[in-house]
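S.K.: Below you'll find the structure I mean.
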Amino acid sequence: IAFTTPWLLPIPLVGLVSAYLAFAGFRRYPEELVGKPIAVAGALVCGLTLIGAPSWHGYVYATEVPEGYMRVNFDALMTATGEPELPTEEALALDGQQVFIKGYIHPNSMDSLMSKRFVIVPDLGTCCFGGQPPLTHMIEVTLSGDQYASKSYRKQRLAGTFHVNRSLKPVSELKGVYYTLRADILK
């Protein structure tokens, strides 16, 4: 599972430590303990995962941004706690730029199971458990062409033209948004 989620990379390390402890037990009590082939298999899988998963995540990070787009993180768009919820200077500088951003679809922003228009937010807490997200934590996405998004708890990867509205743009079921993205690519 560490291949799908980077923050689970410590699990293979725990597996290797467990295998080391198992091998120590096999040396100490060779006649009483069984299961050495299973421990060997577990150690091999954990070792390969400990090497392969970070390599895979590095490869994905290095190749996921389509050519001609700039990687943007939600942190550049969000205002600090306690500050007025207005577009940040970084967001204003990105207005009209081709960007690549990742986020989760806010469930209240889709009126059907498949939609061309929805709102993305930076994390699942904001998405599903936080009610109304802060205004600078949302981007209204409009998909171009024949692409449709479906309701999902999976992180969406989007590339398109980013725009900043100077005044709050109403969005159904939410207070509104400052940021919009005309997405050419949905992964």
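S.K.: Work out the charge dipole of the chain with +1 on the Cβ of Lys and Arg and -1 on the Cβ of Asp and Glu about the Cα centre, then indicate which of Gly52, Gly103, Ala41 is farthest towards its positive end.
M.R.: In the chain, that residue is Ala41.
S.K.: For Phe74, what is the net charge nearby, where nearby means another residue's Cβ is under 9 Å from its Cβ and Lys, Arg count +1, Asp, Glu -1?
M.R.: Working: positive: Lys102; negative: Asp75, Asp123.
Neighbour charge sum, excluding Phe74 itself: -1.
S.K.: Roughly how many percent of the accessible protein surface of the chain is carbon and sulfur, given a 1.4 Å probe and a whole-percent answer?
M.R.: Numbers: 6730 of 10960 Å².
Roughly 61 percent, rounded to a whole number.
S.K.: Could you do me a favour and compute the accessible area per residue for the stretch 33-95, 1.4 Å probe, result in Å²?
M.R.: Values: 4130 Å² over 63 residues.
Using a 1.4 Å probe on heavy atoms only, each residue of the stretch 33-95 averages 66 Å².
S.K.: Can you check what the net charge comes to around Pro133, using other residues whose Cβ is under 11 Å from the Cβ of Pro133 (Lys, Arg +1; Asp, Glu -1)? Could the numbers behind the result be given before it?
M.R.: Working: positive: Lys175; negative: Glu85, Asp123.
The answer is -1.
S.K.: I need the peptides 25-36, 92-103, 174-185 ranked by packing, meaning the mean over residues of other C-beta atoms within 10 angstrom, with the highest value on top. The partial results should precede the final answer.
M.R.: Numbers: 25-36: 10.5, 92-103: 16.8, 174-185: 19.3.
Put in order of decreasing packing, that is 174-185, 92-103, 25-36.
S.K.: Just from its helices, what would the mean residue ellipticity at 222 nm be for the chain, if runs of 4 or more DSSP H residues each count -39500 (n - 2.57) and the sum is divided by every residue, rounded to the nearest 500 deg cm²/dmol?
M.R.: When only DSSP H runs of four or more count, the value is -9500 deg cm²/dmol.
S.K.: Once you have the Cα-Cα distance between Thr5 and Glu90, take 0.36 nm times their residue separation minus that, and quote the gain in nm to one decimal.
M.R.: On the way: separation 85, 0.36 × 85 = 30.60 nm, distance 2.84 nm.
In short, 27.8 nm is gained.
S.K.: Calculate the length of the line joining the C-alpha centroid of the stretch 1-27 to that of the stretch 110-187, in whole Å.
M.R.: 38 Å
S.K.: How much length would be gained if the chain were fully extended between Lys187 and Val34, taking 0.36 nm per residue of separation minus their Cα-Cα distance, in nm to one decimal? Intermediate values should be presented prior to the final figure.
M.R.: Numbers: separation 153, 0.36 × 153 = 55.08 nm, distance 4.66 nm.
Contour length minus Cα-Cα distance gives 50.4 nm.
S.K.: Also: Ordered by packing density, taken as the mean number of other Cβ atoms within 10 Å over each peptide's residues, highest first, how do 109-118, 142-151 rank?
M.R.: Working: 109-118: 15.5, 142-151: 13.3.
The packing order, highest mean first, is 109-118, 142-151.
S.K.: Residue by residue through the stretch 81-88, what is 3J(HN,Hα) from phi via Karplus (6.51 cos²θ - 1.76 cosθ + 1.60, θ = phi - 60°)? Round to whole Hz and write x for glycine and proline.
M.R.: Calculated HN-Hα couplings, in order: 4, x, 8, x, 7, 10, x, 7 Hz.
S.K.: Would you mind checking the pairs Lys151/Lys175; Lys102/Lys175; Lys102/Lys151 and listing those with alpha carbons more than 18 angstrom apart? Show your work: numbers first, answer last.
M.R.: Working: Lys151/Lys175 20 Å; Lys102/Lys175 22 Å; Lys102/Lys151 15 Å.
Pairs exceeding the cut-off: Lys151/Lys175; Lys102/Lys175.
S.K.: If you place +1 on the Cβ of every Lys and Arg and -1 on the Cβ of every Asp and Glu, how big does the dipole about the Cα centre of the stretch 1-160 come out, in debye to the nearest 20?
M.R.: 740 debye
The values are calculated or read from the model by the stated rules, or taken from the named source; none is laboratory data. Predicted, not measured: the structure shown is a model, and the values here were computed from it. Positions of Cβ are generated from backbone atoms using ideal geometry, with glycine treated the same way; all protein chains shown enter the neighbour counts. Side chains included, ligands, DNA and RNA excluded: accessible areas come from the protein's heavy atoms. Shrake-Rupley method; radii C 1.70, N 1.55, O 1.52, S 1.80 Å.
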